[in-house]
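The values are calculated or read from the model by the stated rules, or taken from the named source; none is laboratory data. These numbers come from a predicted model, not from an experiment. When we count neighbours, we look across all protein chains shown, and the Cβ atoms used for this are built from the backbone with ideal geometry, even at glycine. For the accessible areas, the whole protein counts, side chains as well, though only heavy atoms, and no ligand, DNA or RNA atoms are used. Shrake-Rupley method; radii C 1.70, N 1.55, O 1.52, S 1.80 Å.
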There are 2 protein chains.
Amino acid sequence: MSRSNPRVLSTLERAGGFASAQEVYQLMQREGQSIGLTTVYRSLQSLVNDKIVDVLRRDDGEAIYRLCGETHHHHLVCKSCGETVEIEGGAIEKWALNVGKEHGFREVGHTAEIFGLCSKC
Amino acid sequence: MSRSNPRVLSTLERAGGFASAQEVYQLMQREGQSIGLTTVYRSLQSLVNDKIVDVLRRDDGEAIYRLCGETHHHHLVCKSCGETVEIEGGAIEKWALNVGKEHGFREVGHTAEIFGLCSKC
DNA sequence: TATGGAAATGAAAATCATTTTCATTTGTGG
DNA sequence: CCACAAATGAAAATGATTTTCATTTCCATA
């Protein structure tokens, strides 16, 4: 096995919320860091095994990663102009956690997005 | 555009719970039905567009389909085995609506999924 | 019944994320 | 300095899904 390349974790942190392996790779490229795509994949897998990052799937099936335990927020997005507002998700957090527990689930996480038309559109 | 081939829907119904496109295809093959994989994919997509079937992702990223009820619900999905529980989303509905209104958004909708490890995994 | 165009079909090629292979480089203890 | 294990990454392999495109099936109408 191989251990995680620390620059991968650092880049994922810097990326903010979720990022796919491809995105992490591209970000590192743009920053001039020399790394192979293979190493990015291996490092992310390793981080998932060590429970340092969470992995989810986008609608298109691409795997997206984020730091575990990182307090996350949600987005309110305008369908028309794309304006985005960051939302505190306290209520959702509790809801998700409760629903998960009610059904005997552990390591409960969630995704949520709100969309609509902003006042200008 | 193309419409859904009715034999695909019929096969998905017969399959019981979730089935991937590949599985639906193989099932039809075994039953002696002549159909192309392409048509299976197109039909499933079409059924998803028409909100006749739901689509989710397995851990390995493969898309799985199943008939969905008419009511708007959310899913609690096991990251490991894919077991899915349908959740009543009353709390989320209100939350999304309120947050949207607070920020002057109209036509507010939302997406939400909860995931974790079920009691068996 | 013939006919022309639209929709459906599916084989094969293309795409794209991800994994595997394997040869090379790097690091480390002796 | 040496030997050996771990790390690296380019390129090939994999596998689901999508696209292309030529052909077939439908169907309404002349």
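Relative to the longest principal axis of the Cα atoms of chain B, helix B:37-49 runs at roughly 30 degrees. Under 5 Å between amide hydrogens, built in the peptide plane, is the criterion, and for residue B:74 it picks out B:87, B:89 among residues at least 5 positions away or on other chains.
Partners of residue A:94 within straight-line reach, counting aspartates and glutamates whose Cα lies under 13 Å from its Cα and excluding those fewer than 8 residues away in the same chain: A:102. Loop sites by DSSP among the trypsin sites (Lys or Arg not before Pro) of chain A, restricted to those with at most 16 other Cβ atoms within 10 angstrom, leave A:4-50 as the longest stretch without any of them.
Rolling a 1.4 Å probe across the protein heavy atoms gives the range B:6-67 an accessible surface of 54 Å² per residue. Relative to the longest principal axis of the Cα atoms of chain A, helix A:21-30 runs at roughly 70 degrees.
Around the amide H of residue A:20, modelled in the peptide plane, lie the amide H atoms of A:65, all under 5 Å away and 5 or more residues distant in sequence or on another chain.
Ignoring ligands, DNA and RNA, what percent of the accessible area of the range A:12-101 is carbon or sulfur (1.4 Å)? Mind showing how you got there, number by number?
Details: 2410 of 4980 Å².
Of all accessible area on the range A:12-101, carbon and sulfur atoms account for 48 percent.
Take each residue of peptide A:47-56, count the partner chain Cβ atoms within 10 Å of its Cβ, and average: the result is 1.
Before rounding to the nearest 500, sum -39500 (n - 2.57) across all DSSP H runs of length at least 4 in the protein assembly as shown and divide by the residue total; then give [θ] at 222 nm in deg cm²/dmol.
Values: 8 runs with 90 residues, N = 242.
Only helices count here, giving -11500 deg cm²/dmol.
Seen from a random direction on average, the alpha-carbon convex hull of the protein assembly as shown projects onto 16.1 square nanometres. Length available on full extension from residue A:41 to residue A:94: 0.36 nm per residue minus the Cα-Cα distance, which gives 15.9 nm. Using heavy atoms of the protein chains and a probe of 1.4 Å, the accessible area assigned to residue B:50 is about 90 Å².
Using a 1.4 angstrom probe on protein heavy atoms only, the contact between A and B buries about 3200 square angstrom of accessible area, both sides summed.
Shielding of peptide B:86-97 by partners, expressed as the average count of other chain Cβ atoms within 10 Å per residue Cβ, is 4.
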